[in-house]
Amino acid sequence: MTFNWKKSAVVLIDISLTVYLFMSVTVLNNPDEQHAVCNEVKIDILQGAVKGFLTPDEIKSQLQHASLYPLGDLMNQVNSRLIEEALLKNPFVETAQCYKTQSGSIHITLSQRLPVVHVKADNGDDYYVDTHGNIMPSTQFVSDLVIVTGHVTKPYAQKVLAKVGNFLICNKLWFNQAEQLNVLNDGSIELIPRVGDHIVYLGMPVNLSQKLKRLEKFYRFGLSKAGWNKYSYISLEFDNQIICKKRKL
C-alpha cells in the first residue's frame, strides 16, 4: 500500500485552517475575557403610581454587605444569578434583573413593591400594605401615604385596605385629601381629611367611588359656601344622601 503524501498534506492543512479559524473567532468574540474588569454598575429602579422606598445607594449597600457588589471584579467571576437572588431577599423588591455588557458594565434593573397605606393599628402593629395586599415591614422612610389607625387586623388590611389604598392612589383628589383612615370595631371606616375640621364616615368600605363622588359635590356646592368647619361629622353611609352633624358653638 502506497502512502499518499499529497492527500495527507491537504488533510493536515484543512485541519490546521479549521483550528485557526475557530481560535480566531473565539478571540474576536471574547476579547480579553479572562482579564476584563467591571468598570461600571448601573442600577435602575422602576417607579410606579406612588414613590417607593428603594434608592440606588440602598441597593449598592445591600450588595456590598453580601460581598456581591461587582465593581472592580473580573467580569467572568461576576454571577448575575447570585446578585438577583440576593436582591429578591429584600422585602421591598418585587423583581430583579442583572446582566453584563461587553464594555465591562453591569446593569441591574429593579421593580419594587409599592405601598398604598401605612397601618398603625391599636394593637401596636406598624407596617405597610402594598398594591397586591402584601404586608411590608415598617421603615424610617417618610411618605405621603394615608395612615390607617384603629381596629386593624392583618387579614383585614390585606383584603380590604389594599383595595381602599389602590382606589385612593388612582384618584388624585382623594389621594391628596385623605390624611387618615380610622377603622372601627365593626370594620366600617372613618376618613379624616387634610382640609376641613370634620370627620367623614364612609360606613363599610364598599361603593367608595359613588360615596366620594357625592362628597366631592357636597364639598364644591355645600361646604365651599357654608364654610369648611360648619359640620363636625359627615356621614356617607346610606345611598343617595349625606347626613351632617353641625358643630357645637
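The values are calculated or read from the model by the stated rules, or taken from the named source; none is laboratory data. Keep in mind it's a predicted model, so treat the numbers as computed, not measured. In this analysis, Cβ positions are derived from the backbone assuming ideal geometry, glycine residues included, and neighbour counts consider all displayed protein chains. These area figures cover heavy atoms from the full protein model, side chains too; ligands, DNA and RNA do not enter into them. Shrake-Rupley method; radii C 1.70, N 1.55, O 1.52, S 1.80 Å.
Selection of region 131-159 for residues being polar (S, T, N, Q), touching a strand residue (DSSP E or B) at 6+ places or on another chain (Cβ under 6 Å) and modelled with pLDDT of 95 or more yields only Thr149.
In the set (1) within 30 Å of Asp186 (Cβ to Cβ); (2) modelled with pLDDT under 95; (3) small (Gly, Ala, Ser), the condition left unmet by Gly104 is number (1).
Residues of region 61-71 that are farther than 29 Å from Gly133 by Cα and open to solvent by less than 40 Å² (accessible area, probe 1.4 Å): Pro70 alone. Among the residues of region 148-156, at least one is of a type in the set (Val, Ile, Thr) and not in a strand (DSSP E or B). Listed by position, the strands (runs of 3 or more DSSP E) inside region 72-141 whose residues that are surrounded by fewer than 14 Cβ atoms within 10 Å (Cβ to Cβ) number at least 2 are 93-100.
Table: residues versus (1) modelled with pLDDT under 90; (2) of a type in the set (Gly, Ala, Ser).
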{"position": "Leu17", "(1), (2)": "yes, no"}
{"position": "Gln34", "(1), (2)": "yes, no"}
{"position": "Glu40", "(1), (2)": "no, no"}
{"position": "Gly72", "(1), (2)": "no, yes"}
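Of all residues in region 196-213, those satisfying the criterion of being farther than 18 Å from Leu184 by Cβ, open to solvent by 20 Å² or more (accessible area, probe 1.4 Å) and either among the polar types (S, T, N, Q) or in contact with a strand residue (DSSP E or B) (Cβ under 9 Å, 6 or more places away or on another chain) (or both) are Gly196, Asp197, Ser209, Gln210. For first residues located in region 93-117 and closer than 30 Å to Tyr156 by Cβ and touching a residue at least 24 places away in the same chain (Cβ under 8 Å), partners that are of a type in the set (Ser, Thr, Tyr) and assigned to a strand (DSSP E or B) and lie 6+ apart or on another chain with Cβ distances below 6 Å form the pairs Ser111/Thr95; Pro115/Tyr128. Restricting attention to region 214-245 and to residues that are of a type in the set (A, V, I, L, M, F, W, C), open to solvent by 80 Å² or more (accessible area, probe 1.4 Å) and in a loop (DSSP other than H, G, I, E, B), the residue that is nearest to Met204 (Cα to Cα) turns out to be Phe238.
If we scan region 163-173, do we find a residue that is part of a strand (DSSP E or B) and either open to solvent by 60 Å² or more (accessible area, probe 1.4 Å) or under 11 Å from Val116 (Cβ atoms) (or both)? Checking region 163-173: not a single residue is part of a strand (DSSP E or B) and either open to solvent by 60 Å² or more (accessible area, probe 1.4 Å) or under 11 Å from Val116 (Cβ atoms) (or both).
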